[in-house]
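The values are calculated or read from the model by the stated rules, or taken from the named source; none is laboratory data. Keep in mind that this is a model prediction, so the values were computed, not measured. Using ideal geometry, Cβ is built from the backbone for each residue, glycine included, and neighbour counts are taken over all protein chains shown. What goes into the accessible areas is simple: the full protein's heavy atoms, side chains included, and nothing from ligands, DNA or RNA. Shrake-Rupley method; radii C 1.70, N 1.55, O 1.52, S 1.80 Å.
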Amino acid sequence: QVRLVESGGGLVQAGCSLRLSCAASGRTFSRHAMGWFRQGPGMAREFVAAISWSGGIIYYADSVKGRFTISRDNSQNTVYLQMNSLKPEDTAVYYCAASVRVVGGERNSEYDYWGQGTQVTVSS
């Protein structure tokens, strides 16, 4: 089993930045693809970004391309989501997810473990 704990969320003004962290434990972190998802108020959970085992393959949702950056540090069992130029529509609970697949995709079902989420609120 893999346990994931997100941190770094908070309340910021539009245009500001936040960096989310996801600390993993329980199994070999480096053998899990990782992803970030988010769920806004009254919305379904949506894909944000994904990174492969080695970090060599990265995917972003169109809505965050050019603003968000996903990265991982396997030596510290941590995946990050750097969020720049935040917009009010980025307001959501952000979830870290781990997959036993080599490369995680955009679907919830492709991930096996989930964190509890961290709230990001962006004011106008």
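T69 contributes an accessible area of around 70 Å² to the protein surface, as traced by a 1.4 Å probe with all chains present.
If only the Cβ of Lys and Arg carry +1 and only the Cβ of Asp and Glu carry -1, the dipole of the chain around its Cα centre is close to 200 debye. Between V48, V64, V103, the Gaussian network model of the chain with springs among Cα atoms under 10 angstrom shows the greatest mean-square fluctuation at V64. Comparing L20, L11, L86 in a Gaussian network model of the chain (Cα springs below 10 Å), the most mobile by mean-square fluctuation is L11. Label-point separation (nm) for S75 and V102, each offset 7 Å from Cα along Cα-to-Cβ? Between S75 and V102, the label points sit 2.6 nm apart. By the Cβ-Cβ criterion of under 4.7 Å, the unpaired cysteines of the chain are C16.
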